Amino acid sequence: MATPHDYRAIARKTDRPMWIWAGCALTSVLLLFGVGVVVAITVLNENDEPEAELPAVWPSTSGQALRPVLMPTGEMVAALTDETGAQVLCQVIPEQRWEEILGGPTLLEAGGACHAVTAKLDVSAQMIAGLPEDTSRGLPTRTTVAGKLAVIATDKDGTSLSVELVEVAPHNGASPVLRVSVRGRTTETPGSEEKAKALAEALIAGAMPPGPKLPKIGEDGEIPLEKTEPGPIKDRPLPVISWLLCGELGRALGVPADKAKPNFFAACELNGVTADYSALSTAVVPTTTIAGLPAQVDERGVVVQLTDDPDGQTLKFKGTGDLPALAEKMVPPLLGR
């Protein structure tokens, strides 16, 4: 350490006062101390950052709570309406399995897709019409998942994975591809590809236990007629809804349903009358009630509103004869009344 004698010697050699050299030394010490304080504060702030948390409000404003739903078998998961499909995908594996795959407590909701969040991840799963040619994360890579053709794309934000469960031409109306997206809620997502694959494998196993194949679908959506036990159409695969409509049409018209023409898109035509179920419809403007439900009757036919949402599920009837009377007979059994 420099002594007062040393500083006087330095000052004589440089013609600078001793106090300047002492000030320089003090300044250096203070600067080093300041840097140390800044580093310490930064480290403390990083350590004090709150851990990521699950959303306080759930379901989200755009989501729906899970509800009891029929589970499909075989290939019928590819023939569900969007909301039913989302409910099914959220529930075909136990909540504990979701948490094992995603690595923590998980919240689930339905909508257009099954939506799951953990403290760190935002995940969706839904059935779509076909394998994507590209994704928001760039050109996907072909691979296999659960022995089925798949495409996958991964970047720092997460992974998008699509798996073809059934080989069906997309334009025919089925949704034969399972799409799983795993991304971070706030940070990069290491391991997202492994999580997406594990989740897809679990969902496929849960949603496709042994069961029927999809019916052969013609270019105009026509499918072969199958006799089906009467029952409600709620949450049924689209072809099953068509067969149920055919059966009720025959009973309401008092004729055999052998000549009925079912369509993959939840519709059936018999003796010049068509009954058509729609999960999302144009708004109904009620003019009367049928089976106690709001209904619109005009020159185009009869539209019965099945839910409280005027833009929601409907049964439509068009063709010849007394359509309101026909609808009165058909609607109750199709709703399970």
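The values are calculated or read from the model by the stated rules, or taken from the named source; none is laboratory data. Predicted, not measured: the structure shown is a model, and the values here were computed from it. Because the Cβ atoms are built from the backbone with ideal geometry, glycine has one as well, and the counts that use them run over all protein chains shown.
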Margin query: So if I check each of 149, 165, which one is modelled with pLDDT of 90 or more and surrounded by fewer than 18 Cβ atoms within 10 Å (Cβ to Cβ)?
Written below: 149
Check: Given the residues 86, 78, 65, which is the only one that is farther than 25 Å from residue 130 by Cα, of a type in the set (Gly, Ala, Ser) and within 17 Å of the chain's Cα centre (by Cα)?
Finding: 65
Notebook entry, point to check: So how many residues does region 301-337 have that are among the hydrophobic types (A, V, I, L, M, F, W, C) and in contact (Cβ under 8 Å) with a residue 60 or more places away in the chain?
Noted result: 4
Checklist line | Single match in 216, 261 (criterion: surrounded by fewer than 23 Cβ atoms within 10 Å (Cβ to Cβ), at pLDDT 95 or above and over 11 Å from residue 173 (Cβ atoms)) | finding: 261
Notebook entry, point to check: Which fully enclosed strands (runs of 3 or more DSSP E) of region 275-327 have 3 or more residues being touching a Gly at 6+ places or on another chain (Cβ under 6 Å)?
Noted result: 314-319
Check: Residue check: is residue 297 among the β-branched types (Val, Ile, Thr), in contact (Cβ under 8 Å) with a residue 12 or more places away in the chain, surrounded by 22 or more Cβ atoms within 10 Å (Cβ to Cβ) and in contact with a strand residue (DSSP E or B) (Cβ under 8 Å, 6 or more places away or on another chain)?
Finding: no
Check: Just to be sure, is residue 331 out of contact with any helix residue (DSSP H, G or I) (no Cβ under 8 Å at 6 or more places or on another chain), buried (at least 16 other Cβ atoms within 10 Å of the Cβ), modelled with pLDDT of 95 or more and under 21 Å from residue 248 (Cα atoms)?
Finding: yes
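Yes or no, residue by residue, for (1) under 26 Å from residue 116 (Cα atoms); (2) of a type outside the set (Ser, Thr, Tyr); (3) crowded, with 19+ Cβ neighbours inside 10 Å; (4) modelled with pLDDT of 95 or more:
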{"position": "179", "(1), (2), (3), (4)": "yes, yes, yes, yes"}
{"position": "190", "(1), (2), (3), (4)": "yes, yes, no, no"}
{"position": "206", "(1), (2), (3), (4)": "yes, yes, no, yes"}
{"position": "221", "(1), (2), (3), (4)": "no, yes, no, no"}
Check: Got a number for residues in region 223-258 being assigned to a loop (DSSP other than H, G, I, E, B) and surrounded by fewer than 20 Cβ atoms within 10 Å (Cβ to Cβ)?
Finding: 13
Check: Checking residue 109 against (1) surrounded by fewer than 22 Cβ atoms within 10 Å (Cβ to Cβ); (2) closer than 19 Å to residue 238 by Cα; (3) within 11 Å of the chain's Cα centre (by Cα), which test does it fail?
Finding: (2)
Check: Restricting the search to region 279-326, which residues are among the small types (Gly, Ala, Ser) and within 21 Å of residue 265 (Cα to Cα)?
Finding: 279, 281, 283, 301, 312, 319
Next item on the list: Say whether the condition of being of a type in the set (Gly, Ala, Ser), out of contact with any Gly (no Cβ under 7 Å at 6 or more places or on another chain), at pLDDT below 95 and not in a loop (DSSP other than H, G, I, E, B) is met by at least one residue in region 129-142.
Entry: yes
Checklist line | Boolean, residue 214 is over 23 Å from residue 75 (Cα atoms) and either out of contact with any strand residue (DSSP E or B) (no Cβ under 6 Å at 6 or more places or on another chain) or in contact (Cβ under 8 Å) with a residue 24 or more places away in the chain (or both) | finding: no
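Okay, residues lined up against (1) free of Cβ contacts under 8 Å to residues at least 60 places away in the same chain; (2) under 30 Å from residue 218 (Cα atoms); (3) assigned by TED's automatic domain parsing to the domain that holds residue 122; (4) outside any strand (DSSP E or B):
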{"residue": "154", "(1), (2), (3), (4)": "yes, no, yes, no"}
{"residue": "163", "(1), (2), (3), (4)": "yes, yes, yes, no"}
{"residue": "168", "(1), (2), (3), (4)": "no, yes, yes, yes"}
{"residue": "175", "(1), (2), (3), (4)": "no, yes, yes, yes"}
{"residue": "180", "(1), (2), (3), (4)": "yes, yes, yes, no"}
{"residue": "183", "(1), (2), (3), (4)": "no, no, yes, no"}
{"residue": "186", "(1), (2), (3), (4)": "no, no, yes, yes"}
{"residue": "194", "(1), (2), (3), (4)": "yes, no, yes, yes"}
{"residue": "197", "(1), (2), (3), (4)": "yes, no, yes, yes"}
Margin query: Tell me yes or no: at least one residue of region 66-85 is assigned to a helix (DSSP H, G or I), among the polar types (S, T, N, Q) and either closer than 29 Å to residue 241 by Cα or modelled with pLDDT of 50 or more (or both).
Written below: yes
Check: What is the residue count in region 307-328 for residues that are β-branched (Val, Ile, Thr) and surrounded by 15 or more Cβ atoms within 10 Å (Cβ to Cβ)?
Finding: 1
